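**Q** Below is a structure I'd like to ask you about.
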There are 2 protein chains.
Amino acid sequence: MLAGVSTVPAPVLVLLSAPTENEPLDGTGFAPADPTVPHLDVNDLGAVRGDGIFETIGVMDGRPQALDAHLLRFARSAAQLDLPAPRLDVWRAAVLAAIETARTAGTLGPEVGVKTVLTRGVEGTGVATGWVRLAPAPDLDASRRDGVRVLTLDRGFPADVAQRAPWLLQGAKTLSYAVNMAALRYAHGHDADDVIFVSADGAVLEGPTANVLARIGDEVVTPPTDQAILPGTTQARAFDFFAGRGLRTVERRLEAAELAGADGLWLTSSVRLVVPVRILDGVACAVDVELTRGLLAHLRAVTD
Amino acid sequence: MLAGVSTVPAPVLVLLSAPTENEPLDGTGFAPADPTVPHLDVNDLGAVRGDGIFETIGVMDGRPQALDAHLLRFARSAAQLDLPAPRLDVWRAAVLAAIETARTAGTLGPEVGVKTVLTRGVEGTGVATGWVRLAPAPDLDASRRDGVRVLTLDRGFPADVAQRAPWLLQGAKTLSYAVNMAALRYAHGHDADDVIFVSADGAVLEGPTANVLARIGDEVVTPPTDQAILPGTTQARAFDFFAGRGLRTVERRLEAAELAGADGLWLTSSVRLVVPVRILDGVACAVDVELTRGLLAHLRAVTD
């Protein structure tokens with residue numbers, strides 16, 4: 001690759017030497033690293049077993065959004081996988097350092113994503129692997145404005161599986177995302193852009209990388225987090241917006257059959273923020289352009 | 001680490017430059033690499049999405065077992081994940097080269113495992129990542145002789161999920177093994193060594209890293225491979241053994257309720273070969289020591 005030819009800003013990488021309470025803390029516990037060379041052992045359990053966790057944090061105009069909420073969810077995912085407790089202060093500092101590095105280099109765009117990854121480390125060592133990687137967000141203007149085409153796909157599990165089968169890790173944000181990626185590929189092969197997973201017993205769950213919100217009359221509904229789904233950091237802030245518009249916000253079981261009659265349907269996530277669903281299973285949906293624009297502006301501007 | 005102090009033979013690593021039909025083949029398509037330094041990008045989709053596949057091949061007295069069967073299953077897994085077709089001739093040569101390297105170094109023990117891993121590669125490049133890694137097998141004498149304690153755990157899915165929901169990737173051997181690892185940890189925390197997954201509708205499926213065989217009277221039964229499980233390479237060879245002993249071998253739906261009354265229960269896998277189940281859900285099982293010993297000797301000796 002020729003230096004200086006690429007128009008995409010280089011990613012920023014920070015490696016953690018003390019990602020969890022198990023590794024001794026020496027200095028800050030992190031250091032910047034060259035993102036263009038390999039840093040992972042081929043026997044890292046993150047790579048060979050998908051045995052680790054992650055978060056993706058949206059950074060808007062240089063400010064990480066919902067950083068506390070992301071770090072808390074990161075710690076909850078670690079507990080679900082019996083990983084040692086992440087040193088959240090080190091992770092926080094590493095995220096801020098990655099942003100600062102990009103800012104100093106002049107490569108910090110208005111919207112970037114920062115991924116935090118913690119793996120169980122190289123098999124047999126008992127030493128966890130952790131890194132933070134900042135990269136530009138893809139161009140999201142079209143999907144935010146025009147909406148996306150969505151397929152509902154069976155997730156195979158009943159909605160209550162998380163409580164009775166904790167080993168299935170539903171509700172943990174693990175590196176084992178092959179099914180999520182396969183569902184997206186299936187959608188792309190069937191005239192759709194994204195997916196809403198439905199439980200075996202007909203409840204709306206979540207998208208492969210997003211939460212689902214449906215407006216039905218004067219209510220905005222999202223599925224409860226005891227239903228094998230991730231608690232959404234962006235969804236929580238979207239609820240603030242809708243409440244401010246006088247809509248009632250409700251966490252309840254949402255039947256897949258309710259989606260077709262919804263007055264608005266959105267996918268929320270940390271970097272994409274929000275996209276309206278314009279076609280569901282091949283049928284056009286109600287899209288409230290004004291409400292969606294307001295929601296996006298709220299999500300884009302909020303600092304917490 | 002002090003050189004020469006370790007008593008465990010060093011692993012052997014071979015990297016593939018042409019793991020699939022997508023990468024141009026230049027020379028052999030593989031080369032040995034230093035296993036003690038990092039070779040993976042932190043943004044490899046194998047590491048951040050568990051988006052890839054693997055096989056583990058047992059190598060007994062220097063001979064890889066069921067290499068053809070493993071490579072065919074590898075190609076089937078690739079197809080299920082919409083990965084480009086692996087160059088099986090390159091993978092085969094790379095496996096043999098890893099064995100030869102260990103032999104030449106004098107580090108090839110009587111029982112080793114070779115893992116083949118193919119990932120979707122670094123995000124955005126479209127170039128797959130592939131490697132072969134040879135490492136000694138753990139000490140298996142005790143579990144092979146004395147058997148293992150097993151828990152049955154709910155896999156959450158109905159037994160027929162693979163046919164109607166291909167995006168769930170059941171039956172593909174993916175790198176997204178976090179659930180398999182979590183199930184094993186759950187077992188270890190509950191006085192057990194291993195797990196047999198059961199479908200939501202009560203059918204025996206497979207172990208996290210093994211197939212299940214049950215002897216019931218003069219039949220040996222294993223669940224059919226259309227039931228969201230991996231076709232077992234070792235299981236197939238175990239069936240040859242049982243047929244030679246005059247038992248009928250049957251692939252059929254096996255109800256979890258049948259396990260308690262079985263006259264013998266085994267887990268088969270490529271490196272461990274076979275272990276008898278001696279305790280199932282806290283209750284002692286019938287263990288046929290002589291039959292197990294014969295089966296182990298057959299699996300250990302067979303060359304194909």
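Every read-out reported here was derived from the displayed coordinates using simple, explicitly stated rules and does not represent laboratory data. Predicted model only: the values in this text are computed from it and were never measured. All Cβ positions, glycine included, derive from the backbone under ideal geometry; neighbour counts span all protein chains shown.
**Q** Given R₀ = 22 Å, FRET efficiency for B:ASP281-B:ASP201 by Cβ-Cβ distance, to 0.05?
**A** For B:ASP281 and B:ASP201, the calculated efficiency is 0.75.
**Q** Please report the relative contact order for chain A, taking Cα pairs under 8 Å with a sequence separation of at least 6, and give it as a percent rounded to a whole number.
**A** The normalised contact order for chain A reaches 19 percent.
**Q** Here's a follow-up. Once you wrap a convex hull around the alpha carbon atoms of the protein assembly as shown, what is its projected area averaged over all directions, in nm²? Write down the numbers at each step before the final one.
**A** Numbers: hull surface 110.3 nm².
Taking a quarter of the hull surface, the average projection is 27.6 nm².
**Q** For the range B:76-139, what ratio Rg/Rh do Cα atoms give with a Kirkwood hydrodynamic radius? List each step's numbers first, then the result.
**A** On the way: Rg = 14.1 Å, Rh = 13.3 Å.
Over the Cα atoms of the range B:76-139, Rg/Rh equals 1.06.
**Q** Working from the alpha-carbon coordinates of chain A, get Rg over Rh, Rh being the Kirkwood radius.
**A** 0.97
**Q** So if a site counts as exposed when it's one of the trypsin sites (Lys or Arg not before Pro), its DSSP state isn't H, G, I, E or B, and it has at most 15 other Cβ atoms within 10 Å, what's the longest stretch of chain A without one? Intermediate results must be reported in sequence, preceding the final value.
**A** Values: sites that count: A:ARG245, A:ARG252.
For trypsin sites (Lys or Arg not before Pro) (loop position, at most 15 other Cβ atoms within 10 Å), the longest site-free span of chain A is A:1-244.
**Q** So, one more: Restricting things to alpha carbons, tell me how big the range B:12-137 is in terms of Rg and Dmax, in Å.
**A** 13.8, 42
**Q** At 7 Å along the Cα-to-beta-carbon direction for both B:THR36 and A:ALA85, put a label point, then send me their distance in nm to one decimal.
**A** 3.6 nm
**Q** Please work out the FRET efficiency for the pair B:ALA260 and A:GLU21, using the Cβ-Cβ distance as r and a Förster radius of 41 Å; give the result to the nearest 0.05.
**A** 0.45
**Q** Comparing B:PRO223, B:PRO110, B:PRO136, which has the greatest mean-square fluctuation in the GNM of chain B with Cα pairs linked when under 10 Å apart?
**A** B:PRO110
**Q** With an 8 Å Cα cut-off and a minimum separation of 6 or more residues, compute the relative contact order for the range A:109-213 in percent. Please report the intermediate quantities before stating the final value.
**A** Numbers: 128 pairs, mean separation 24.6, N = 105.
Reported as a whole number, the value is 23 percent.
**Q** Sum -39500 (n - 2.57) across every DSSP H segment of at least 4 residues in the protein assembly as shown, then divide by the residue count to get the 222 nm mean residue ellipticity, nearest 500.
**A** Numbers: 18 runs with 174 residues, N = 608.
Rounded to the nearest 500, the figure is -8500 deg cm²/dmol.
**Q** Continuing with the same structure: For B:LYS115, give me every one of the lysines with a C-alpha distance below 22 angstrom, ignoring sequence neighbours fewer than eight places off in its own chain.
**A** Leaving aside lysines fewer than 8 places away in the same chain, those within reach of B:LYS115 are B:LYS173.
**Q** Tell me, what is the FRET efficiency for B:ASP139 and B:GLN163 to the nearest 0.05, using R0 = 41 angstrom and their Cβ-Cβ distance as r?
**A** In this case the efficiency is close to 0.55.
**Q** Express the C-alpha Rg of the range A:142-301 as a ratio against the empirical globular expectation 2.2 N^0.38 Å, rounded to two decimals.
**A** Normalised Rg, Cα atoms only: 0.96.
**Q** Taking each residue in A:167-175, count the Cβ atoms of any other chain within 10 Å of its Cβ, then average. What number comes out?
**A** Values: counts 18, 9, 5, 2, 0, 3, 0, 6, 10.
Partner Cβ neighbours, averaged per residue: 6.
**Q** So between B:ALA301 and B:GLU219, what do we pick up on full extension, going 0.36 nm a residue minus the alpha carbon distance?
**A** That pair, B:ALA301 and B:GLU219, stretches by 27.2 nm at full extension.
**Q** If you take each beta carbon of peptide A:34-42 and count the beta carbons of other chains within 10 angstrom, what is the mean?
**A** 6
**Q** Right, another one. Average partner chain C-beta neighbours within 10 Å, per residue of B:158-166?
**A** Whole-number average of other-chain Cβ neighbours for B:158-166 is 3.
**Q** What are the nm distances, shortest first, from A:LEU96 to its equivalents in the other copies, labels at 7 Å along Cα→Cβ?
**A** Relative to the other copies, A:LEU96 has label-point distances of 5.8 nm.
**Q** Taking the label point as lying 7 angstrom from Cα along the Cα-to-Cβ axis, what are the distances from B:ASP61 to the corresponding position in the remaining copies, in ascending order and in nanometres?
**A** Values, ascending and in nm: 7.4.
**Q** Give the nm distances, rounded to one decimal, from A:ALA286 to the matching residue in every other copy, measuring between label points 7 Å along Cα toward the beta carbon; shortest first.
**A** Once sorted, the set of distances for A:ALA286 reads 6.4 nm.
**Q** Most fluctuating residue of B:GLU23, B:GLU258, B:GLU111 in a GNM of chain B with Cα springs under 10 Å: which is it?
**A** Largest GNM mean-square fluctuation: B:GLU258.
**Q** Quick check: the distance between the Cα centres of the range B:82-111 and the range B:120-179, to the nearest angstrom?
**A** If you average the Cα positions of each part, the centres end up 20 Å apart.
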